[in-house]
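Q: Dropping a structure here in structure tokens format, bear with me for questions.
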Amino acid sequence: MLKLFINENKINELLQGIQPDKSRVREIIKKSLAKNRLDLEETATLLNVEDKELLAEIFAGAKKLKQDVYGNRIVLFAPLYVGNNCTNDCAYCAFRCSNAEAARITLSDQELKDEIIALEKKGQKRLILVFGEHPTYNGDFIADAVKLAYATKSGPGEIRRVNINAAPLEVAQYKKLKDVGIGTYQIFQETYHRKTYEKVHLSGKKSDFLWRLYGLDRAQQAGLDDVGIGALFGLYNWKFEVMGLLAHTIHLEETFNVGPHTISFPRLQPAQGTDLPKNYFVSDDDFKRLVAILRLSVPYTGMILTARETPELRREVIELGCSQIDAGSRIEMQGYSQDLGEQQLCDKQQFQLGDTRSLDEVMKELVSNGYTPSFCTACYRLGRTGEHFMELAVPGFINEYCTPNAIMTLKEYLEDYATPETNQAGEKAINQNLQKIVSEQLKSDVIARLKRIENGERDICF
């Protein structure tokens, strides 16, 4: 018998009953800056803040915490849709089974290779493979796609980490994915509010709230210790969803001694044939608030900002605590290898993107704005995952590994893929990062490795 860890009554009582006190809010921010995860009461207190002075302190705290834990690094990845056949009928999704206008495609091995090669030629190193929920897309099918992704190489290009966004599986099927070396397994609950969940998930396996809610428990039981959670903001009250994400985090910590590797917080976007009520849509200002409060609530967890948002908003939100973004993304079937017309694009995409810039454009902007774009996969490949990763990340020591590795993956991109303008801005960013390394020995080691990259070596890491 599964015990429901989302206590709606408790969440509602906290959100409705707490009147934030200035000293209490500052005490909570201080706790977070000491890299301690907040509890539900503390997060509810931050969510109820309306005072402009205190909101400014929340934003400032989130920015400082992000810098303390992750430095100026931003990890980049790209989503790749492998198959959009689906047995679910989700009211917000263009790939739902009742949408007869959607072009149903499952990539063949050659078509998947074409997509991967197109991504590698742009400089991508990290993918998240996305699948609809369908009997075809079982553990064996997903494992085969992962193996093909790792095996497909183009010139200096290769995929070094494959994450998965797919339906919940049984433990035995998760084990097959562990055997082929996946990175993070993502399952988004979409909404933690059960009545809303049942209202927008009309049929299919996904309509089973508890099956989905405990999907990552089964992944952990199978030995997959890097898991990602998320909510689709706009389906229900955004404050409730933040509390749901935190409750899920606490459950994973208490049950498996390790929280989620990542948290995602996409906002509802227009999709073919959907027409949802707008009463829970999240404004830009509230979106910034929820990102800042999530950052303070879970100091050591990666936060993913997607290309659903516009470039303008992404610039603002990144500094509030985001550690990963996608760039150069296409969310339609065969979108990387084919030049699709407008109608084909509509028929093949899951929803509309807000940021359609190329990877190189995003790279140039990041390095010009003081960030260090990173394609690093060292922790995953050297066994620094799950509880071991948290041992490093919680106290903030991860920066000692990640800054040098980020510099080196940036150097690879500049050598192999960057436009002249991005190369110039990137080399300047590398020099600035080198000057910030306090240890002269570490700085010397990084410089030596950069020379090796210039001489043609690849995939060097600490």
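Where a number appears in this text, it was derived from the coordinates with a stated rule and is not lab data. This structure is a prediction, so every number in the text was calculated from the model and none was measured. Cβ atoms come from the backbone with ideal geometry, glycine included; neighbour counts cover every protein chain shown.
Q: All other residues with a Cβ under 15 Å from the Cβ of ASP140 taken together, and with Lys, Arg as +1 and Asp, Glu as -1, what is their net charge? Working shown, then result.
A: Numbers: positive: LYS147, LYS175, LYS176, LYS178; negative: ASP109, ASP144, GLU170, ASP179.
Net charge in that neighbourhood comes out at 0.
Q: Rank by packing, highest mean first: peptides 441-453, 316-328, 190-202, with packing defined as the count of other Cβ atoms within 10 Å averaged across residues.
A: Working: 441-453: 14.8, 316-328: 22.2, 190-202: 18.9.
Output ranking for 441-453, 316-328, 190-202: 316-328, 190-202, 441-453.
Q: Among the complete DSSP H segments of the chain, which ones combine at least 15 Å of alpha-carbon extent along their axis with a mean Kyte-Doolittle hydropathy of -0.5 or more? Numbers along the way, then the final one.
A: Numbers: long enough: 22-33 (17 Å, -0.73); 52-70 (27 Å, -0.16); 109-120 (16 Å, -0.54); 139-151 (18 Å, 0.76); 238-256 (27 Å, 0.31); 284-297 (20 Å, 0.04); 398-416 (27 Å, -0.41); 420-436 (25 Å, -1.56); 440-454 (21 Å, -0.60).
Long hydrophobic helices here: 52-70, 139-151, 238-256, 284-297, 398-416.
Q: Can I ask one more? What whole-number value in cubic angstrom gives the convex hull volume per residue for the C-alpha atoms of region 43-101?
A: 193 Å³
Q: With the contact rule set at Cα under 8 Å and sequence spacing of 6 or more, what percent relative contact order holds for the chain?
A: Details: 817 pairs, mean separation 92.0, N = 462.
Here the relative contact order equals 20 percent.
Q: Arranged by the count of other C-beta atoms within 10 angstrom, fewest first, what order do VAL75, VAL258 take? Write out the running numbers ahead of the final one.
A: Numbers: VAL75 24, VAL258 19.
By the 10 Å Cβ count, ascending, the order reads VAL258, VAL75.
Q: Under a cut-off of 17 Å between alpha-carbon atoms, report the aspartates and glutamates in cross-link reach of LYS443, not counting same-chain residues fewer than 8 places apart.
A: Within the straight-line cut-off, LYS443 pairs with GLU400, GLU427, GLU454.
Q: Oh, and also: Please compute the modelled spin-label separation between GLU440 and SER98, points set 7 Å along Cα→Cβ, answer in nm with one decimal.
A: 7.0 nm
Q: While we're here: Kindly flag which residue pairs out of LYS125/LYS176; LYS122/LYS199; LYS66/LYS206; LYS178/LYS205; LYS10/LYS199 have an alpha-carbon separation exceeding 32 Å in this structure.
A: LYS122/LYS199; LYS66/LYS206
Q: Give the shape of region 197-327 as rounded, prolate or oblate, defined through the alpha-carbon gyration tensor: a ≥ b ≥ c are the square roots of its eigenvalues, a/c under 1.5 means rounded, and otherwise the shape is prolate if a/b is larger than b/c and oblate if not. Display every interim value, and only then the final one.
A: Details: a/c = 1.82, a/b = 1.13, b/c = 1.61.
Taking the square roots of the gyration eigenvalues as a ≥ b ≥ c, region 197-327 is oblate.
Q: When all C-alpha to C-alpha distances in region 8-67 are sorted into bins of 10 Å, what percent of pairs does each bin hold, rounded to whole numbers?
A: Calculated P(r), rounded to whole percents: 23, 54, 22, 1.
Q: Also, I was wondering about something else. Can you tell me which of 136-149, 289-302 comes out highest on packing, and rank the rest after it, using the mean Cβ neighbours within 10 Å?
A: On the way: 136-149: 18.8, 289-302: 24.3.
Result, highest mean Cβ count within 10 Å first: 289-302, 136-149.
Q: Give the cross-link partners of LYS113 among the aspartates and glutamates, using a straight C-alpha distance below 13 Å as the criterion and excluding same-chain residues fewer than 8 apart.
A: In chain and number order, the partners are ASP144, GLU158.
Q: How much net charge surrounds ILE460 when only the other residues with a Cβ under 10 Å from the Cβ of ILE460 are counted, with Lys and Arg +1 and Asp and Glu -1?
A: Counting the neighbours of ILE460, the net charge comes to +1.
Q: Now a separate question. Using the Karplus curve 6.51 cos²θ - 1.76 cosθ + 1.60 with θ = phi - 60°, work out ³J(HN,Hα) for each residue of region 197-206 in order, rounded to whole Hz, and write x for Gly and Pro.
A: 4, 5, 6, 9, 10, 7, 6, x, 4, 5
Q: Still on this structure, I have one more. Please list, in chain and number order, the residues 5+ apart from GLU309 or on another chain whose amide H is under 5 Å from its amide H, with Hs placed from the backbone.
A: Correct list: GLY354, ASP355.
Q: Could you pull out the GluC sites (Glu not before Pro) across region 83-189 that fall in loop regions by DSSP (anything but H, G, I, E, B) with no more than 10 other Cβ atoms inside 10 Å? Write out the running numbers ahead of the final one.
A: Working: sites: GLU101, GLU111, GLU115, GLU120, GLU133, GLU158, GLU170; in loops: GLU101, GLU133, GLU170.
Answer in residue order: GLU101.
Q: Lysines near LYS22 by alpha-carbon distance under 21 Å, same-chain residues fewer than 8 away left out - which ones?
A: In chain and number order, the partners are LYS30, LYS31, LYS35, LYS52, LYS63, LYS64, LYS239, LYS288.
Q: Same structure, new question: Semi-axes of the equivalent ellipsoid of the chain: what are they in whole Å, largest first, if each equals the square root of 5 times a C-alpha gyration tensor eigenvalue? Before the final figure, lay out each step's value.
A: Numbers: eigenvalues 196, 169, 87 Å².
Ellipsoid semi-axes (Å, largest first): 31, 29, 21.
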